[in-house]
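Mind looking over this structure? Questions follow.
Quick note: the coordinates plus some simple rules give every number you see, no bench work behind them. Remember, predicted model here, so these are calculated numbers, not experimental data. Cβ sites come from the backbone with ideal geometry, for glycine too, and all protein chains shown count toward neighbours.
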Amino acid sequence: MPARLGVDIGGTFTDLVLVDERSGVLRVGKVLTTAKDPAHGVEQGIQGLLDESRVAARDVHAAVHGTTLATNALIERKGARTALLTTAGFRDVLEIRREGRYDMYDIFIDPPAPLVPRHLRREVEERMLADGTVLRPLDEAGARRVISGLVADGVEAIAICLLHAYVNPGHERRLAELVDELAPGVPVSCSSDVVPEIREYERASTTTANVYVVPLMARYLEDLERRLADLGVPGQLYVMQSSGGIVLPREARRFPIRLVESGPAAGAIAAAQAARERGESRLLSFDMGGTTAKACVIDDGAPLVAREFEVARADRFKMGSGMPVRVPVIEMIEIGAGGGSIARVDRMGLLKVGPDSAGADPGPACYNLGGRLPTVTDADLLLGYLDAEFFLGGRMRLDCEAARRSVEEHVARPLGLDVIAAAWGIHRVVNENMAAAARIHGIERGRDLRTYPLFAFGGAGPVHCWQVARVLRVPRILLPFGAGAISAYGLLSAPLAFDFVRTHRERLDTAEWATLNRLFVEMESQGRALLARAGVEESDVRVARVAEMRYLGQGHEVEAAVPDGLLSAASLETITTSFEAAYRALYHRLPQGVPIEALNWRVTVAGPAPNVRLSGATQTGRAADASSRATRPGGAVGGDVSSPPTCIIIKTTRKAYFAETGGFVDTPVYDRYALAAGTEFTGPAIVEERESTAVLGPGARCRVDERSTIIVDVPA
Amino acid sequence: MEPVTLEICWNRLVGVVNEQATALQRTSFTSIVREAGDLSAGVFDRRGYMVAQAVTGTPGHINSMALAMKHVLAACPLESLRPGDVLITNDPWKTSGHLNDVTICSPVFRGDDCVAFFASTCHTADIGGHIFSAEAREVYEEGLFIPIMKLYEAGRPNESLMAILRANVRLPEMVLGDFHAQIAGGAVGGERLLEFMAEFGLPHLEPLADEIIERTERAMRQAIRALRPGVYHNVLTSDGFDEPITIRVSCEVKGDEILIDYAGSSPASRRGINVVMNYTEAYTTYGVKVIVSPDVPNNEGAFRPVTIAAPEGSILNVRHPAPVAARHVIGHFLPHVIAGALGQALPDHVMAEGSANIWGIQVSGKDVDSKAFSHVFFASGGTGARPTRDGLSATAFPSGVLGTPVEVIETIAPLIVERKALRDGSGGAGMYRGGLGQTIAFRARTREPFVCSVLCDRTRHPAKGFLGGEAGAPGEVIIDGVRPVNPKAEQVVPTGAIVEVRLPGGGGYGPAVRRDPELVARDILEGYIPA
C-alpha cells in the first residue's frame, strides 16, 4: 500500500505524518528535534513511525520535508564563512542598508550586523548601466586576484551582487565561472539567479543569505537522502518552500533561502487543502500557538504569496529590524500573541498583552515552573476554558491558585478590577490584537474578512477562535480534528512547484510582445523540464502567470494575472482589466490617463496537488516518544484503543465565563474523540481534545461533518 | 472609559492611520515619499487634536502636522465644511516649514456631521520656483505658496487651483498624482474610522480622544517629574549659509513641566536655512521625547507639558517672508542641542552629537536628449555614540528619511553613481565610537553643465563627542576635484565632472582610552578606523 511521509522539523519538536494513500489513514508521530544532528532525529522518528504503523519502508514512495534549519542558521549566525563580491565602490551596500532606524523613538537600537563582515566584502572593476549596457567591462585579471585572495582567506561561500545585474547578468555569470575555476567546490550565488530584481540592498541581502546557508543545507539534505536510503525508503525526497510549493533537493540546495518559512507555510497549505476539500472559495487560516499567532488569507483554495520577507529580526515583532529577503513566501501576518503572552499594565494605565512571552520556560504562572507573570493561558484557565486536570490530555496539571495570584497582583489590582474581570480583559485584549493584525493583513491585500470563515488551529487557536470570529464578524468557524498535526499534514498536500521571475520593464501600451513571449516560454519550459524530471505527467502541469504592474511613475507594484498562451496586442485589454480590478480593490480609485507599466513577470509551474484526503479522525502521539496511533476513515471514532468507543459525548460540565451571559455558566464539555459525523450541538460549549480545547459561546450552532471537522455558525 | 475597552479602541485607531499611510505610500508617484518615507499621516478630532499617528514618517512632519491642523480649523471652521471637501496648504508658517511639504486634510463625515480629520504631509516632487536649495532670499523665490484652501469642494476639484498648479510646477503629473495618493489615504482611513465608530457605538471621537490625550499627558508628566529639577544650558554651532549660526538653549525642568527657551540664538539668516516656529516646536518635542519618554505615545497629550519659546525674528522663529526651503539643516540640530542640555540630568539617556541633518542632493539640467530633469535624493552621515554602544553608520537621525537605492536613482535620473561607501575613520573616537559617515560620488550624463545643490552642514563644525569622546569628521563637498567656497551654494557642474559628498561622522561617547581593545582590533580589521 503506497504511503507518503511528511516530516516537519521545528525548534522543539519534529512532527511526522504518514498517510496511506488508498485508505486515507493518517498516522502521526512526534520526536524531540536533535538540534546538533537533525537528520539523526528524523531518521529515528521515521523508523519509529514505520514500526508502529506496520508500514514497510519500501511502500513509502514520497517523503516531503519542511524545516526551519535555514532560518535558525541565519538567526544564530551558524552559516558558512561568506564573502561578497560587488561592483567597485559598493562593497558597503550590506552595511549602509537603507539608512533608516526601525524605531523612531528608541535611540538604543542596532540593526542586525551584516552576514558578511567588511573585510570579506571585495570589489571588482566593472559597471552596467540601468538599461543593461556595459559602461565598463569586467576586469578579469583584477577579479582573479580578488577571488584568489578570498580563497587564501578561507571563505566557504561567495555571493555576487553587481549593480543592475537584474537587467544584464553577463558580468555576474563570468565572475561565477572564475570562482568555479579558481575556487572549485566553493558554492557561489549570483544575485541575477537568486533574485533578478531592482534594488541593490535587498538583492545583495537575499543573495548573501542564500549562499550563507548553502553548505549547511547541502550537507543536511545529502545526509537525509542517505539515511532515507539506508532505511529502505525508495521514494523521492521533496522539500517544502516558503511559497507553499515543494521542490527536489537539487533545487533546494541551490536556493535554500526559499525554504525560510516552510514550517508556517505548511499550516497555511493545510488550511488551503481544507478549503479545497470543502469547496470554500475563501478561508482565513488562524494559527495560535504558545508564542505567536499567524493569520493567512486563502482565496480559491490557495494562500496569498508575498515577495518579500525579513529574517533574523533584531526585534522579532518590529518591521524593518531584520534582513530583507526577496523570495516568494506565503503571505501571513505573525504577531506576538500566544498562550504564553504576558499581560501587564503599562505606564498609561492600560492593559497590554504580549508581544513578550513566558514561553515554555518559565512558562505561565499556572505551570508552576517558576513563571510568576500572568499570561493568556492563566487567564483562560481562570475563565474556565481550560481544565486544570486535562491540559495536554492530562499530561500536565495546571495550578489555578498560582494563576489567580498572578493575575490579581499584576493586572487586577493595578487596574482596580476583580480577578475575573482582569482575566476577561486579558482574553479580550489578546483577541483584539490578533483580530487587528488579521484585519490589516486583509486590508493590505484588499480583502474584506467578514466574508472569510475562520479555520482555527494551533494549541491556543480553538480557545480563542470564538471571540476572534466575533470581532472580525466572520460568519463561520471551522475546527479541524487534530490541531497539532495540521502543519505536517500540510506538507503532504503541497504540489510540486517551481517559481520563476524576470525583470523586464515595459509599458503595456507599447509592449514588445515577442520579447515577453520569449521570457514566458523560457521560464515555463524550464519549469516543465524540472517537473518532467520529477515524473509529473505533461497533462498534469499547471502554469500560472502573473505580472507586477504599476502606473508609470509609481514605485510599488500590484500583481495581476496574465493570460496563458501566446501574448499579442490583443492581450492588452485583458491584462489592463485584470490590473485595474486588483488596483481598485486595494486603493478604491484609479488615476486617470496614466500609462501602466509592468516590471516583473512571474510564472509558477506546478504539478497536481497530491490526492491526499484526511478522512476521519487523526491523533497525535505523546511528545518525545515517537508513539503514534492509527485512526480510520469516515468514522465517528477512530478504532484506536485510546479513544472512547461509545457515544458518551459529554464528559462533564464546568463553569465557564461568557460575556454574552454576563458571567459564569454551566457549560457542557464535549469529548472530541466521541463526536460522530452529523452530531449537532449549541453553545455555550467546550470541546476537548488532547492538544487543544475549543471554546464556543452562547448562540454558536455547531455540527460535525464527515471529516470530523466541527462547523460553527457564528450569529451576526 | 474602562481601560480594557480603551486599549482596544486605541489599537483600532492606530490600525486605521497605518492603513491610511500604507495606501498613500503605495499609490505615490514620488520616490521621496515611497522610497524615502518623507511623509506623515494622522487622525485628528474635530478640535484639531492629533489622536493617533502612523508609525511611518519623520518627526518634522508628524509634530508639525499636529500643530498645522489647528491653523487649518481656524481658517476653515467646521461649519464651513461639506462632505467631499478636501483641504490643502503648504504655508510654511502653519505647517512644516517649507513650501515643498504639502499638507492635505480630508474631513470625515457621517451623514452631514464632520466627525474627524485625516491629514498627511508629503514632500512634493516639485513646487516651482528655485530648485530645492538654500539660495533664495525670500520665500517668494522658493515656489508656489498655497494658502489654506479647498482642493476639492463637495467632491468637485478646484479647477482654478489645479490650473495654477499645473502652470507653476515642473512635474505636474507627479505633483497632482501625489495629491491623489494623499486623498486616497484619507479615503481609506475615513472608511475604516466610520466602521470602527459604528462598531463601538461612538457618536463622537472626542471622548475617546480625551481619554487618550489625558492618559498620555499624565504619563509624560510623570516621566518629567522623575528628572532632576534645574536649568540646563547648551550651545551648538552650525556652518550656516555664509556665516556660522549659534543655537543656544536653556531647558528648565520644573515639577512635571519642561520649559525650553532658545533665547540667545542667532538672528534669521539672509538665506533659506531659516526655521518657522512650527518646525522648531516639532523637533524640540521630538528631542525631549527620545530622552525622557520614548515609550509614551506621540499625540496632543505628549506635547502639553513641554513649553517652547524662541525669540521672534531669530533663526528658530522667522517672520514671513524669510526664505525657509532648507530649514531642516538647522532644525535637525535641535534634538542634539536638547540632548546636550538634558544629558546633564540624564547622561545615560542621550547620545553624543551626530551628523544631524540629512543631506539633500538636488540636481537639475538637461539629459543627453535635451529633456529636462530634476531629481533629489537624501543621504545620512553617522549618528553619535551611545552610552552603551557605538553610533550607527550612515543612518538618519533625527530624521526618519531613507536613502534611495542607487539602481532606482539611475533608472529615473541621468546619473551614474560611482561610489557609495562608508567613510573610513570618520567616526569620533571614544569608549564608544561615533557612527561613520559615507562618501557618495556621482556624475551626470549630460551634454551641457548641470546645476547641483547640496544641502549640507557640519563642514566646519563637526559633531562633538560627549563625556570625553572625540568629535566626528566634518563633512566635505568636492566638485570636479575642488572644494567650493560655500558648499551650500548652488554649483554649476561641468559636463562629466564628479560630484563627491563626504558626510560627517558622529561624535564619540566617553574617553577613547577606555575602549575595549577587542573593539579597536575589530575596527582596524574592518577598516572602520585607520590601522
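With an 8 Å Cα cut-off and a minimum separation of 6 or more residues, compute the relative contact order for the range A:341-474 in percent.
Relative contact order comes out at 21 percent.
Counting only other chains, and only Cβ atoms inside 10 Å, what mean value do you get across the residues of B:22-30?
On the way: counts 6, 5, 1, 2, 10, 13, 4, 8, 3.
Shielding by partners across B:22-30 averages 6.
Which helices pass in chain B if a helix is a full DSSP H run, must span at least 30 angstrom along its long axis by Cα, and must have mean Kyte-Doolittle hydropathy not below 0.0?
Details: long enough: B:3-27 (36 Å, 0.15); B:172-199 (41 Å, 0.31).
Passing helices, by number: B:3-27, B:172-199.
With a ≥ b ≥ c taken as the square roots of the eigenvalues of the C-alpha gyration tensor of chain B, please select rounded if a/c is under 1.5 and otherwise prolate if a/b is larger than b/c or oblate if it is not?
On the way: a/c = 1.77, a/b = 1.17, b/c = 1.51.
Oblate shape, in that a/c is at least 1.5 and b/c is the bigger or equal ratio.
Mind checking the full-extension length gain between A:ARG226 and A:GLU181? Use 0.36 nm per residue of separation minus the Cα-Cα distance, one decimal, nm. Each step should come with its number before you reach the end.
Details: separation 45, 0.36 × 45 = 16.20 nm, distance 2.90 nm.
Length gained between A:ARG226 and A:GLU181: 13.3 nm.
Evaluate E = 1/(1 + (r/R0)^6) for A:GLU277 and A:LYS318, where r is the Cβ-Cβ distance and R0 equals 25 Å; express this FRET efficiency to the nearest 0.05. Don't jump to the answer; show the numbers that get you there.
On the way: r = 37 Å, r/R0 = 1.50.
The pair A:GLU277/A:LYS318 has a calculated efficiency of 0.10.
Can you return the aspartates and glutamates within cross-link range of A:LYS294? Criterion is Cα-Cα under 16 Å, with same-chain partners fewer than 8 residues away left out.
By straight Cα distance, A:LYS294 reaches A:GLU261, A:GLU310, A:GLU331, A:GLU334, A:ASP356, A:GLU432, A:GLU444.
Another question, then. How many nm separate the modelled label positions at B:SER80 and A:ALA421, each set 7 Å beyond the Cα in the direction of the Cβ?
The modelled label-to-label distance comes out at 4.7 nm.
I need to check one value: relative contact order of chain A, counting alpha carbon pairs closer than 8 Å and at least 6 residues apart, in percent. Mind dumping the intermediate values first?
On the way: 1710 pairs, mean separation 95.4, N = 716.
Relative contact order for chain A comes out at 13 percent.
Translational D (Stokes-Einstein, µm²/s) of the range A:521-561 at 20 °C and 1.002 mPa s when Rh comes from the Kirkwood sum over C-alpha pairs?
It comes out at roughly 174 µm²/s.
For the range B:492-508, list residues with backbone N below 13 Å from a point placed 7 Å from the Cα of B:VAL368 toward its Cβ?
Only B:496 fall inside the zone, counting backbone N under 13 Å.
Calculate the mean, over all residues of peptide A:418-429, of how many other protein chain Cβ atoms lie within 10 angstrom of the residue's Cβ. Please list the in-between numbers first.
On the way: counts 0, 0, 0, 2, 1, 0, 1, 6, 1, 1, 4, 6.
The shielding value for this peptide is 2.
Next question, about the same structure. Have a look at the range A:341-429 and give its Rg and Dmax from the Cα atoms, expressed in angstrom.
Every Cα atom of the range A:341-429 included, Rg and Dmax give 12.0, 40 Å.
Semi-axes of the equivalent ellipsoid of the range B:351-531: what are they in whole Å, largest first, if each equals the square root of 5 times a C-alpha gyration tensor eigenvalue?
Calculated on Cα positions only, the semi-axes equal 33, 14, 13 Å.
Please report, in whole Å, how far the alpha carbons of the range B:236-321 spread along each principal axis, starting with the longest.
That works out to 39, 22, 20 Å along the principal axes.
For chain A, what is the percent of antiparallel DSSP beta bridges, rounded to the nearest 5? Before the final figure, lay out each step's value.
Numbers: 88 of 121 bridges.
Bridges in chain A are about 75 percent antiparallel.
When the scattering of the range A:81-186 is computed by the Debye formula from its Cα atoms alone, each counted once and equally, what is log10 I(q)/I(0) at q = 0.22 Å⁻¹?
-1.15
So which aspartates and glutamates can B:LYS464 reach, going by Cα to Cα under 13 Å and dropping same-chain residues fewer than 8 places off?
Straight-line reach from B:LYS464, under 13 Å: B:GLU353.
If packing is taken as the average number of other Cβ atoms within 10 Å across a peptide's residues, how do B:59-71, A:200-212 rank, most packed first? Walk me through the intermediate numbers first.
Details: B:59-71: 25.5, A:200-212: 27.1.
Packing proxy ranking, top to bottom: A:200-212, B:59-71.
Could you tell me the extents of the range A:497-606's C-alpha atoms along the three principal axes, largest first, rounded to whole Å?
Taking max minus min along each principal axis of the Cα atoms, the range A:497-606 gives 48, 27, 23 Å.
Next up: Using a 7 Å offset from the Cα along the Cα-to-Cβ direction at both B:HIS320 and A:ALA514, what is the distance between the two label points in nm, to one decimal?
Calculated label separation equals 6.1 nm.
Let me ask another. Two decimals is fine: what is log10 I(q)/I(0) at q = 0.13, 0.17 Å⁻¹ for the range B:3-216, from a Debye sum with one equal scatterer on every Cα and no solvent?
Reported log10 I(q)/I(0), two decimals: -0.68, -1.14.
Moving to a separate point now. Taking only DSSP H segments of four or more residues, each worth -39500 (n - 2.57), what value at 222 nm results for the protein assembly as shown once the sum is divided by all its residues, to the nearest 500 deg cm²/dmol?
Details: 28 runs with 366 residues, N = 1247.
After summing the helix terms and dividing by the residues of the protein assembly as shown, the value is -9500 deg cm²/dmol.
Could you list the square roots of 5 times each eigenvalue of the Cα gyration tensor of chain A, that is, the equivalent ellipsoid semi-axes, sorted largest first and rounded to whole Å?
Details: eigenvalues 388, 163, 145 Å².
Square roots of five times the eigenvalues give 44, 29, 27 Å.
Taking just the alpha carbons, could you work out the radius of gyration and Dmax for the protein assembly as shown, both in angstroms?
Rg and Dmax of the protein assembly as shown, Cα atoms, are 30.8, 94 Å.
Peptides B:325-337, B:470-482, B:190-202: what's the order by average Cβ count within 10 Å, highest mean first?
Working: B:325-337: 28.8, B:470-482: 20.2, B:190-202: 15.8.
Highest mean packing first, the order is B:325-337, B:470-482, B:190-202.
List the pairs from B:LYS70/B:LYS289; B:LYS366/B:LYS488; A:LYS36/A:LYS78; B:LYS371/B:LYS488; B:LYS70/B:LYS94 whose alpha-carbon separation is above 18 Å, in the order I gave them.
Values: B:LYS70/B:LYS289 22 Å; B:LYS366/B:LYS488 22 Å; A:LYS36/A:LYS78 12 Å; B:LYS371/B:LYS488 26 Å; B:LYS70/B:LYS94 9 Å.
Among B:LYS70/B:LYS289; B:LYS366/B:LYS488; A:LYS36/A:LYS78; B:LYS371/B:LYS488; B:LYS70/B:LYS94, the Cα-Cα distance tops 18 Å for B:LYS70/B:LYS289; B:LYS366/B:LYS488; B:LYS371/B:LYS488.
Output the peptides A:107-120, B:170-183, B:377-390 sorted from most to least packed, where packing is the average of other Cβ atoms within 10 Å over each peptide's residues. Provide the component values of the computation, followed by the final result.
Working: A:107-120: 18.7, B:170-183: 21.9, B:377-390: 26.7.
Taking the mean over residues of other Cβ atoms within 10 Å, the ranking is B:377-390, B:170-183, A:107-120.
Take the Cβ-Cβ distance between A:ASP103 and B:ARG389 as r, set R0 to 25 Å, and report the resulting FRET efficiency rounded to the nearest 0.05. Don't jump to the answer; show the numbers that get you there.
Details: r = 15 Å, r/R0 = 0.59.
Here the calculated transfer efficiency is 0.95.
Compute the FRET efficiency between B:GLU195 and A:ARG144 as 1/(1 + (r/R0)^6), taking r as their Cβ-Cβ distance and R0 = 60 Å, and round to the nearest 0.05. It would help to have the intermediate numbers written out before the result.
Numbers: r = 63 Å, r/R0 = 1.06.
Using R0 = 60 Å, I get an efficiency of 0.40.
Full extension from B:ASP295 to B:VAL451: what is 0.36 nm times the residue separation minus their Cα-Cα distance, to one decimal in nm?
Numbers: separation 156, 0.36 × 156 = 56.16 nm, distance 4.37 nm.
51.8 nm is the gain from fully extending B:ASP295 to B:VAL451.
Counting partner chain Cβ atoms within 10 Å of every residue's Cβ in B:399-409, what's the average? Display every interim value, and only then the final one.
Values: counts 4, 6, 2, 6, 6, 4, 9, 10, 14, 5, 1.
The shielding value for this peptide is 6.
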